[in-house]
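Working notes, beginning with the structure itself.
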Amino acid sequence: MIRAALALALIPALGPAQVARFRVRETAGLRRFSFPARATIPANAASLQLLENGKPIPAQFTPVDGATDIDFNVSLGPWETREYRVDPGPPAPGSGIAIAQAGGAFTVHSSSLSIDVPENMLGLLGSVKASNLSYLRPGSQGLVLNYKDDVDFRAGGIGHWGARTKATILKRGPLVCALRFESTEGLRSERSVKSVVDLEFPRSKSWVEVRWKVEDPERWVSSLIADLNLLIEGPPTLVDFGASDTVYDALRPGATFAISAAPAEGSAPRWFVRLNGEPYASGSKRAEGWAHVMDRQRATAIAVAGFGEESSDRIEVSSDGHLLIRRDFAGGSSRAIHFWLHFVTMPVQVGAATSPQAMQSPLRIEWE
């Protein structure tokens, strides 16, 4: 997702009928089809429209954290640039995604996908369904904090001193829905940390974007973990990993397959792939940090931002579909993780209509 802020000082230089001007630039050499994009301006969201080549296009204007997010979709070729303008006026209509709240859960609904998210965030996702396919098995742990003495604490539910997780709908569509979960998570010895989880659901893609940040000035938390039960109707369970090249395997029942990466340290390998804990592949270049978990009908694409760049990261998949995303922190680095879960049909090259590399490589917004 693209996000950029426009300094207030730039606005007076514009014409009297203009609020902002910017361009969107593709910098990764990838073709983007109806790709989610976002710009953020400090103006009031009321009565604004987004123009491309002088014509209004569908855009969603939402007040968030004291500014206005402009969500829209853009199709670009590799290295292409496109110009946009924000003007006063009614926004062009858009449609496609909405959110409802009932029965202890939020339901995000689009033409291609229905996702249930528990109000207390326990399990992270309750169900993911598309047409006649489901993507999750019951019983996911969801988000988990690992304390420095290697004790796990599940995030969400009723936290420290009985405080319940606060859930807020930030965006209701029609182009993007978003939820925010704020909690105080109890650890050992009456210690606690503040946790903020943002989930975003774009209309044009069948993914969930997860941003999790923990305020932990004392550095009590050593790891952040996402633990999900993907539904696999196998065998075989097919898994491929984005290392510095693609590494793949068809998992036999009971098998585990994992990619891990860490910051560069001399001439040591940057990443390892292990099958059932045994070495399978390794490399000295930076790992891309993504995976596909597939059976004959469905695929889940996983991508982690900054995989192995400033922390030790791992994606682990079991033959039964158990997925573990884990970030281990060293020293004083901030406690945060950003990842995507993209639910598509097989073959994945057709069903996804985008790639994990595209999710990890945001388009660039340049302000005029």
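Each value in this text was obtained by applying a stated rule to the coordinates, not by laboratory testing. Not measured: the values here are computed from a predicted model. Counting neighbours? That spans all protein chains shown, and the Cβs are built from the backbone with ideal geometry, glycine included.
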The answer for the net charge of residues other than residue 333 whose Cβ lies under 11 angstrom from its Cβ, with Lys and Arg +1 and Asp and Glu -1, is -1
Final fewest-first order of 205, 171, 129 on the 10 Å Cβ neighbour count is 129, 171, 205
Note on the chain: contact order normalised by length, alpha-carbon pairs under 8 Å, 6 or more apart, percent, works out to 15
Counting every C-alpha pair in the stretch 8-94, the percent lying more than 16 Å apart is 52
Unit-weight point scatterers at every alpha-carbon of the chain, Debye formula, q = 0.08 1/Å: log10 I(q)/I(0) is -0.42
In the stretch 51-102, the chymotrypsin sites (Phe, Trp or Tyr not before Pro) that sit in a DSSP loop and have at most 16 other Cβ atoms within 10 Å of their own Cβ are 79
Amide H contacts under 5 Å for residue 124, restricted to residues at least 5 apart in sequence or on another chain and with H modeled in the peptide plane, are 143
With the dipole of the chain defined by +1 on each Lys or Arg Cβ and -1 on each Asp or Glu Cβ, the option from 346, 253, 141 whose Cα lies farthest towards the positive pole is 346
Here the stretch 76-84 yields Karplus 3J(HN,Hα) values (6.51, -1.76, 1.60; θ = phi - 60°; whole Hz; Gly and Pro given as x) of 9, x, x, 6, 6, 10, 9, 9, 9
Once Lys and Arg are counted +1 and Asp and Glu -1 for all other residues with Cβ under 11 Å from that of residue 317, the total becomes -3
In the structure shown, of 129/194; 171/194; 148/194; 171/205; 129/166, the pairs separated by more than 20 angstrom at the C-alpha atoms are 129/194; 171/194; 129/166
For the stretch 149-234, averaging the sequence separation of alpha carbon pairs under 8 Å that lie six or more residues apart and dividing by its residue count, the contact order in percent is 19
In whole angstrom, the spacing between the Cα centers of the stretch 139-198 and the stretch 199-237 equals 12
The answer for the net charge of residues other than residue 251 whose Cβ lies under 12 angstrom from its Cβ, with Lys and Arg +1 and Asp and Glu -1, is -4
Given unit charges at Cβ for Lys, Arg (+) and Asp, Glu (-), the dipole magnitude of the chain about its Cα centre in debye, nearest 20, is 620
Relative to the compact-globule estimate 2.2 N^0.38 Å (N residues), the Cα gyration radius of the stretch 86-208 stands at a ratio of 1.23
Any aspartates and glutamates whose Cα falls less than 19 Å from that of residue 285, other than same-chain ones fewer than 8 residues away, would be 240, 245, 265, 309, 310, 313
